[in-house]
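**Student:** Can you read through this structure? Questions will come right after.
The values are calculated or read from the model by the stated rules, or taken from the named source; none is laboratory data. In this text the structure is predicted, and so the values were computed from the model without any measurement. Here the Cβ is made from the backbone with ideal geometry for all residues, glycine too, and neighbour counts use every protein chain on show. All accessible areas refer to the heavy atoms of the entire protein, side chains included, with ligands and DNA or RNA removed. Shrake-Rupley method; radii C 1.70, N 1.55, O 1.52, S 1.80 Å.
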Amino acid sequence: MMLLSILIATLSFVSAYSDETFTDKHDKMIVCKGFVEEPDDPSEDQKLTFDYSLLKAKGHPRLLTDQAGFADLKKKVSTRRLRYPTLYRLHCEVITRAQKIVELDRGFTSAGEHGLIVDNILACAYAYKMTGKPFYLAKVRADMAKVCSFNSWNPGGLSIGELSFAMGIAYDWLYYNLRLDERTEIHRSLVEKGIRPMYKNNRNAKITGNWNQINLGGVSVASMAIYEKDKKIAVQQIEKAIAGNRKGVERIYSPDGNYAEGLGYWEYGGNYQACFLSCLQEIFGHTAGISEVEGFMQSGEYALFMHGSMNTSFSYSDGGAYADPVLLTSWWFAAQNDDPTLVYREKMRLYDDDDKAYKDTPLDLDGRRYYRLLPAIIVAIRDFDVDSRQVTPPVKEVWSGQGEMPVVIVRHGWKFDGSDVYLGIKGGLANTWETSITSHGHMDAGSFVFEADGVRWSDDIMRPPYGEWYAALRKAETPRKYNVQDGVMWDTFRLSNLCHSTIISHTNDGSVKGKLHATDYDVNGFASIDRVIDSLGRQGAEVSMTAPMNGQVKNARRTVELVNGTDLVVTDEITALEEMDCLIEWRMLSKTSSKVGQNGVVLSRDGKMRTLTVSSSDATITPEYCSWKPEMPQDDNWGTYLEYEDKIPGRTIAGWTATVPKGKTITFVTTLRK
């Protein structure tokens with residue numbers, strides 16, 4: 001009965017528009033019957049970074065492609081789908097998604113639900129362009145009208161960028177299918193609730209990370225959509241966004257393409273970046289140098305190496321420890337670079353093992369926030385498709401990137417099963433709000449993930465789920481920013497160095513002011529990766545830990561290696577302060593169970609077993625093997641700043657403790673082997 005009532009409601013809604021469209025014989029475009037144009041802005045077109053007269057010359061649609069491009073895409077996913085199997089498969093995902101949206105009549109009540117709104121509008125706008133079925137158009141019209149009715153699009157958050165993008169795309173794609181009153185109201189809302197507030201807000205032009213890409217990119221796409229109607233504000237916003245986004249891309253991706261916020265945010269921000277640049281390229285023929293920024297076009301390879309070996313990913317910072325995500329942006333980078341290797345992991349999701357047939361299982365993109373841009377990505381990559389047999393894995397085994405959050409990744413095997421061995425090593429710093437590019441940092445300098453035998457022996461867990469945690473932060477926070485040294489977020493156990501596979505010290509000379517806990521790192525201390533190791537039998541990286549451990553040690557150097565393709569070996573050289581002994585803890589977060597013995601810590605999972613052992617360069621110093629529960633300590637002021645219970649199930653922390661005498665240098669070699 002519920003489904004029937006939804007269908008009746010949908011059909012009755014559609015009937016109001018069923019006699020309003022006809023097909024233009026010249027461009028094969030469905031046009032609203034009695035179409036009336038909103039008057040254009042008569043002011044002169046400017047030539048600044050771009051020749052803005054090209055926007056009007058392109059007409060509508062022009063964002064990502066024109067009407068001829070849509071006609072070509074429609075042929076590829078219908079009559080020519082055997083020649084374009086990837087496009088066809090992704091197209092089917094969007095159509096299925098759009099059908100669900102209409103059937104369920106998914107509603108929303110505020111701009112804060114921007115993920116659902118963007119999903120609704122883009123999926124149904126695309127489905128209408130591809131099929132011409134009126135119920136998709138009816139759903140888009142209803143949702144766009146509701147978005148226009150909101151008093152604000154939350155200019156202080158991400159809603160403004162996401163809603164501007166979706167509304168701008170739909171306004172452009174469906175321009176000739178909308179009534180005059182609808183187009184006028186959408187245009188007005190885009191200017192007053194998206195473009196003008198973004199132009200006046202200097203924060204997004206200065207901040208980098210995914211906010212820069214989503215907000216500047218999203219609102220710029222909207223500015224390109226309505227240009228003829230409000231030339232001055234559209235040009236002002238685009239010019240300002242170009243300058244801010246270019247600086248942002250330089251800091252985000254240079255010099256090698258790795259992304260400070262981790263893989264999940266690489267995809268989230270990267271979707272918007274890709275669509276923004278594709279719109280610029282489609283209309284103006286260039287991207288004002290943004291696409292040529294050092295490291296940007298190499299970022300697709302970074303993402304490929306970030307995939308773990310067992311439906312996991314290298315989950316540093318807030319990057320995510322959920323199941324390995326489908327990366328739509330990888331298809332865009334593969335198309336831009338004409339490099340099918342970049343979608344090797346994505347190919348495996350589409351095809352059976354013999355590369356001869358599609359997998360019957362859907363991609364199941366529901367519930368993942370960044371898949372909502374799939375319709376736009378399909379249009380952007382419409383000229384790229386590959387024979388699955390051409391998509392081969394990389395040859396090299398080591399990938400490294402410097403920059404704001406340096407990483408080194410070692411990978412043996414690309415079967416994504418227990419035969420693969422995977423090691424990811426991270427440098428960087430924790431205060432990524434004031435001194436760097438993002439608010440998603442952890443105290444995870446020197447940490448690593450390690451997978452072998454189908455087990456994640458060393459893990460990195462992401463931030464707590466949003467909701468209760470953010471509510472607790474807002475309740476406890478003073479005017480201090482979250483990531484500064486005394487920011488209350490460091491009272492969240494899983495963000496601390498105690499919950500990462502790294503080395504910590506209980507020694508504290510007081511030189512770093514504002515620490516919540518004695519073991520906290522100096523949040524402004526940058527752990528540089530000073531050496532990448534890629535020699536016969538040894539692969540990994542050397543990380544300087546001196547700066548993060550400022551006030552705790554005189555010097556600290558860590559080397560993390562995969563030895564002979566099987567064993568994990570971590571070498572820590574610690575020099576204690578001249579006036580204080582240094583009590584250190586070597587910790588490794590693990591998705592295993594642990595048993596501590598006199599000769600090491602035995603880790604086991606699913607019948608697999610490895611033993612962690614350590615040796616000291618000084619025979620008089622004998623480390624003590626330990627294991628800890630993955631929960632906050634009951635001392636050192638833990639839990640006094642933030643009312644949040646951090647639950648971390650299914651893991652243990654294994655390692656050892658030792659004391660380095662004041663002024664002494666001791667080298668510890670820790671091995672995890674079968």
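**Student:** With every protein chain in place, what's the accessible area of Tyr88 (1.4 Å probe, Å², nearest 10)?
**Tutor:** The accessible area comes out at roughly 60 Å².
**Student:** Taking amide H positions as placed 1.01 Å from N in the peptide plane, with prolines and chain starts having none, which residues 5 or more places from Ser447, or on another chain, fall under 5 Å of its amide H?
**Tutor:** Residues meeting the amide H criterion: Lys426.
**Student:** Which order do His286, His440, His412 take when ranked by solvent-accessible area (1.4 Å probe, heavy atoms of all protein chains), largest first?
**Tutor:** Values: His286 75, His440 10, His412 45 Å².
In descending accessible area the options line up as His286, His412, His440.
**Student:** So how far, in whole Å, is the C-alpha centre of region 166-222 from the one of region 450-519?
**Tutor:** Using only Cα atoms to place each centre, the spacing works out to 36 Å.
**Student:** Remind me, relative contact order of region 467-620 in percent, using alpha carbon pairs under 8 angstrom and six or more residues apart?
**Tutor:** Details: 260 pairs, mean separation 26.5, N = 154.
Result for region 467-620 is 17 percent.
**Student:** Something else about it: Between Lys75 and Asp534, what is the label-point separation in nm under the 7 Å Cα-to-beta-carbon projection?
**Tutor:** In this crude label model, Asp534 to Lys75 measures out at 4.3 nm.
**Student:** Okay, next question. I'd like the antiparallel share, as a percent to the nearest 5, of DSSP beta bridges with both residues in region 529-603.
**Tutor:** Details: 26 of 27 bridges.
In region 529-603, approximately 95 percent of DSSP beta bridges are antiparallel ones.
**Student:** Hey, another quick one. Classify region 126-173 as rounded, prolate or oblate from the Cα gyration tensor: take a ≥ b ≥ c as the square roots of its eigenvalues, call it rounded if a/c is under 1.5, otherwise prolate when a/b beats b/c and oblate if not. Please list the in-between numbers first.
**Tutor:** On the way: a/c = 3.63, a/b = 1.99, b/c = 1.82.
Prolate shape, in that a/c is at least 1.5 and a/b is the bigger ratio.
**Student:** Under Stokes-Einstein, with the Kirkwood radius over Cα pairs standing in for Rh, what whole-number D in µm²/s applies to region 34-146 at 4 °C and 1.567 mPa s?
**Tutor:** Details: Rh = 16.4 Å.
Stokes-Einstein gives a translational diffusion coefficient of 79 µm²/s.
**Student:** How high is the relative contact order of region 585-674? Use alpha-carbon pairs under 8 Å, at least six apart in sequence, and give a whole percent. All intermediate terms of the calculation are to be shown ahead of the outcome.
**Tutor:** Values: 156 pairs, mean separation 36.7, N = 90.
Relative contact order here is 41 percent.
**Student:** Let me ask another. Take the Cα radius of gyration of region 90-133 and divide it by 2.2 N^0.38 Å, with N its residue count; two decimals is plenty. Present the calculation step by step, with values, prior to reporting the outcome.
**Tutor:** Numbers: Rg = 10.5 Å, N = 44, 2.2 N^0.38 = 9.3 Å.
Against the empirical 2.2 N^0.38 Å value, I get 1.13 for region 90-133.
**Student:** Could you provide, to the nearest whole Å², the per residue accessible area of the chain with probe 1.4 Å?
**Tutor:** On a per-residue basis, 38 Å².
**Student:** Ok, one more. Just to check I understand the Karplus step: with θ = phi - 60° and J = 6.51 cos²θ - 1.76 cosθ + 1.60, what whole-Hz values come out for region 197-203, glycine and proline as x?
**Tutor:** x, 5, 5, 7, 8, 7, 4
**Student:** OK, next. So which trypsin sites (Lys or Arg not before Pro) in region 519-619 end up in coil per DSSP with only 15 or fewer other C-beta atoms within 10 Å?
**Tutor:** Values: sites: Arg531, Arg538, Lys554, Arg557, Arg558, Arg587, Lys591, Lys595, Arg605, Lys608, Arg610; in loops: Lys554, Lys591.
In loop regions of region 519-619 (DSSP not H, G, I, E or B), there are no sparsely surrounded trypsin sites (Lys or Arg not before Pro).
**Student:** Let me ask you something else. With the cut-off at 1.5 for a/c, could you classify region 210-262 from its C-alpha gyration tensor as rounded, prolate or oblate? Before the final figure, lay out the partial values.
**Tutor:** On the way: a/c = 3.98, a/b = 2.59, b/c = 1.54.
Note, shape of region 210-262 comes out prolate.
**Student:** On to the next question. Rounded to whole Å and sorted largest first, list the principal axis extents of the Cα atoms in region 539-661.
**Tutor:** Extents along the principal axes: 46, 45, 28 Å.
**Student:** Top to bottom by accessible area (1.4 Å), largest first, where do Tyr521, Tyr176 land?
**Tutor:** Values: Tyr521 5, Tyr176 60 Å².
Of Tyr521, Tyr176, the descending order of accessible area is Tyr176, Tyr521.
**Student:** How about Lys231: which aspartates and glutamates have a C-alpha closer than 16 Å to its C-alpha, ignoring those fewer than 8 places off in the same chain?
**Tutor:** Glu38, Asp40, Asp41, Glu44, Asp45, Asp51, Asp172, Glu192, Glu239
**Student:** Also, I was wondering about something else. So what is the orientation-averaged projected area of the chain, using the convex hull of its C-alpha atoms, in nm²? Display every interim value, and only then the final one.
**Tutor:** Numbers: hull surface 123.8 nm².
Orientation-averaged projected area of the Cα hull: 31.0 nm².
**Student:** Next question, about the same structure. Regarding region 160-297, what's the average projected area of the Cα-atom convex hull, expressed in nm²? Walk me through the intermediate numbers first.
**Tutor:** Numbers: hull surface 30.7 nm².
The directionally averaged projection comes out at 7.7 nm².
**Student:** Volume per residue, Å³, of the convex hull around the alpha-carbon atoms of region 510-607? Walk me through the numbers on the way to the answer.
**Tutor:** Details: hull volume 14.6 nm³, N = 98.
So the per-residue Cα hull volume is 149 Å³.
**Student:** By the gyration tensor of its Cα atoms, with a ≥ b ≥ c the square roots of the eigenvalues, what is the shape of region 611-669: rounded for a/c under 1.5, prolate for a/b over b/c, or oblate?
**Tutor:** Numbers: a/c = 4.18, a/b = 1.81, b/c = 2.31.
Oblate shape, in that a/c is at least 1.5 and b/c is the bigger or equal ratio.
**Student:** I've got another one for you. In region 94-203, what percent of the accessible surface is made up of carbon and sulfur (1.4 Å probe, ligands and nucleic acids excluded)? Display every interim value, and only then the final one.
**Tutor:** Details: 1840 of 3480 Å².
In region 94-203, the share of accessible area belonging to carbon and sulfur is 53 percent.
**Student:** Quick check: with the 1.4 Å probe, what order do Val532, Val614, Val191 take by accessible area, largest first? Don't skip to the end; give the middle numbers.
**Tutor:** Numbers: Val532 65, Val614 25, Val191 5 Å².
Highest to lowest solvent-accessible surface, that is Val532, Val614, Val191.
**Student:** Using θ = phi - 60° and the Karplus form 6.51 cos²θ - 1.76 cosθ + 1.60, what ³J(HN,Hα) does each residue of region 458-469 get, whole Hz, x for Gly and Pro?
**Tutor:** Per-residue couplings from phi come out as 10, 10, 9, 9, 7, 4, x, x, 4, x, 4, 5 Hz.
**Student:** Also: Give the separation of the Cα centroids, region 261-285 to region 384-429, in Å.
**Tutor:** Result: 22 Å between the Cα centres.
**Student:** Which translational diffusion coefficient, to the nearest whole µm²/s, is obtained for region 461-553 from the Stokes-Einstein equation, given a Kirkwood hydrodynamic radius over C-alpha pairs, 10 °C and 1.306 mPa s? List each step's numbers first, then the result.
**Tutor:** Numbers: Rh = 15.0 Å.
Result for D is 106 µm²/s.
**Student:** Still on this structure: If you count only protein heavy atoms and use a 1.4 Å probe, how large is the accessible surface of Glu37, to the nearest 10 Å²?
**Tutor:** Number for this one is 80 Å².
**Student:** So what does Glu397 come to for accessible area, using a 1.4 Å probe and Å² rounded to 10?
**Tutor:** Solvent-accessible area, nearest 10 Å²: 80 Å².
**Student:** Are there trypsin sites (Lys or Arg not before Pro) in region 164-215 that DSSP puts in a loop and that have at most 16 other Cβ atoms within 10 Å, and which ones? Intermediate values should be presented prior to the final figure.
**Tutor:** Working: sites: Arg179, Arg183, Arg188, Lys193, Lys200, Arg203, Lys206; in loops: Arg179.
Listed in order of number, the matching sites are Arg179.
**Student:** Once you've got the Cα coordinates, tell me which of Lys629/Lys662; Lys200/Lys475; Lys33/Lys133; Lys74/Lys129 are over 18 Å apart.
**Tutor:** Working: Lys629/Lys662 30 Å; Lys200/Lys475 29 Å; Lys33/Lys133 16 Å; Lys74/Lys129 9 Å.
As for pairs spanning more than 18 Å Cα to Cα, those are Lys629/Lys662; Lys200/Lys475.
**Student:** For Glu192 and Asp636, what is the calculated FRET efficiency with R₀ set at 51 Å and r taken between the beta-carbons, to the nearest 0.05?
**Tutor:** Working: r = 51 Å, r/R0 = 1.00.
My answer for the efficiency is 0.50.
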